[in-house]
Structure formats: C-alpha cells, structure tokens
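The values are calculated or read from the model by the stated rules, or taken from the named source; none is laboratory data. Everything numeric in this text was worked out from a predicted model, so none of it was measured. When we count neighbours, we look across all protein chains shown, and the Cβ atoms used for this are built from the backbone with ideal geometry, even at glycine.
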Amino acid sequence: MAEQSLNPENLESYSTEAISNFSKAIEDFADMLISVRSEDANVAVFNSIYVMLEGRKRRLGDIANIEAPENPLNIEVMAYNKDNLEVIMSTIKEAGFPAKLKEEGSQFVLVRVPPPSRMQLEEISDDLMRRTSSLVMRLSKIKTNTALRIRAAVQNEFIENKIATIATKKIENFHTKIEAEGKFLGILRRKQILGNFFKSIEKDDEIFIKKVNLYLKLNQNLNNSGSKK
C-alpha cells in the first residue's frame, strides 16, 4: 500500500458526506415537526368522514379540500364539485357539527368545531413517535452505509486502517449527537402537543423529558419577559 499522510482531506472524504446526510435527515425531521399542529387533529377527523355519493362511500378528504386557515376551531370545507355541496353539508351535520355555506353560491362550507380531544392529541403523539423512530432508522442506515464504504476502502487499500478508524469514530460521534437531538425534538413536540396529557411511554422519554421541561420553562420565561417590555 502506498504511504498516506493522516491529513484532513483523507478524513473528510469519508465523513463529510455522512455528516451532510445526517444534517439533511434532522432538517427534514424538524420541518415535519413544525408542520404538525394540535389543531390539525380536527382537520384529520374531517378528512376521514365518509360521504355516500351515488351509492358509494367516499372520504370527505377525497371530494373536498379541508383546512382551518384563520382559526383552528373554524374548519373550511371546499367542495371540488358544487353538485356535492348538499350531501356534504348534510353528512357533516349528521356527524354532529354545525355547518353553513360561507356565502350564497359559495363552494365553501364553514364548520365550527370543539378543541381537539385528548384521544385526538394522543393519536398525533403516537404518529410523532413513529416518525421519530423512522428518523433513528434513517440515521442508523446512513452510519451503516458509510461504515461499509470505509471498510471497502480499507480492503481495496485506498486508505490505511488508522485513517479508517479516525473517520469512523468521527462519524459515530456525530451520529450519537444528531440522534440525541432528534429524540429531544420529537419529545419536545409531543410535550407541546399533549401539554398536561403528556406521559412517558418509551425509555428515552425519561432521559430527555427533564431537558424538554427546562427548555419549555426557559422559553416561557423569555416570552413573559419580552411581553412586559
């Protein structure tokens, strides 16, 4: 094997890509967390309501756009086809929700809904746990794939063992750090969604919940301090 110097370029060539992939994974996860809101629970309920059209069951979300653009307790249902407005309104009313047209001739149906129930919030929390587990698997796959590349490079005598060892250690350290950040963010969002309904379920919950509570307390104190100015 040709003698190699233990320079930054040799190390970076095997760690930069992995670290970039780790960073992209956590950024995607954070973007997803930001998009998840407790008020979306009611939108999810409406998406799953079944409407009978021409003798067939159709999900309301398939025949109308459902969102809460201004107030989480005011749902707007926009029928894709005005011919379906009457059956959409009657179905929503049968489900126990008050519904009315936004204005005469409009395709929008306005529905006043109650705050999300504990069960609805727990369903969101369960989904967040699944997404956190998916992140952990994604990070693990990145680390494993990079380790395989490094091993192949050593076997083919592209790099020396000492370079491979240092590069692998650097990747493992970053993986540990980014995985912990992901778990922290996942539990933080669950706590924000559930509020007082939050309870520890997974083993990592106990590890991170103290940090989460400290973060939320600090953030609240900063907000209160800012509002007094």
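Yes or no: Val113 farther than 30 Å from Gly96 by Cα and either modelled with pLDDT of 85 or more or among the aliphatic types (A, V, I, L, M) (or both)? Show your work before the answer.
On the way: farther than 30 Å from Gly96 by Cα: no; either modelled with pLDDT of 85 or more or among the aliphatic types (A, V, I, L, M) (or both): yes.
In short, no.
Return the residue satisfying two criteria in turn: it lies in region 174-190 and is in contact with a Ser or Thr (Cβ under 9 Å, 6 or more places away or on another chain) and either closer than 13 Å to Tyr215 by Cα or not assigned by TED's automatic domain parsing to the domain that holds Met32 (or both), and of such residues it is surrounded by the fewest Cβ atoms within 10 Å (Cβ to Cβ).
Filtering region 174-190 for residues in contact with a Ser or Thr (Cβ under 9 Å, 6 or more places away or on another chain) gives 174-175, 178-179, 182-183, 185-187, 189-190.
Still in the running and either closer than 13 Å to Tyr215 by Cα or not assigned by TED's automatic domain parsing to the domain that holds Met32 (or both): 185, 187, 189.
On the way: Leu185: 21, Ile187: 26, Arg189: 23.
Taking the candidates together, the pick is Leu185.
Out of the residues in region 23-62 meeting the condition of being touching a Lys or Arg at 6+ places or on another chain (Cβ under 8 Å), part of a helix (DSSP H, G or I) and at pLDDT 90 or above, tell me which one is surrounded by the most Cβ atoms within 10 Å (Cβ to Cβ).
Among those residues, the one meeting the criterion is Phe29.
Please go through region 155-173 and pick out each residue that is surrounded by fewer than 18 Cβ atoms within 10 Å (Cβ to Cβ) and in a helix (DSSP H, G or I).
Gln155, Asn161, Lys162, Thr165, Ile166, Lys169, Lys170, Glu172, Asn173
With the structure loaded, tell me whether Leu218 is assigned to a helix (DSSP H, G or I), more than 27 Å from Thr16 (Cβ to Cβ) and in contact (Cβ under 8 Å) with a residue 24 or more places away in the chain or whether it fails that test. Give the steps one after another, and end with the answer.
Details: assigned to a helix (DSSP H, G or I): yes; more than 27 Å from Thr16 (Cβ to Cβ): yes; in contact (Cβ under 8 Å) with a residue 24 or more places away in the chain: no.
No.
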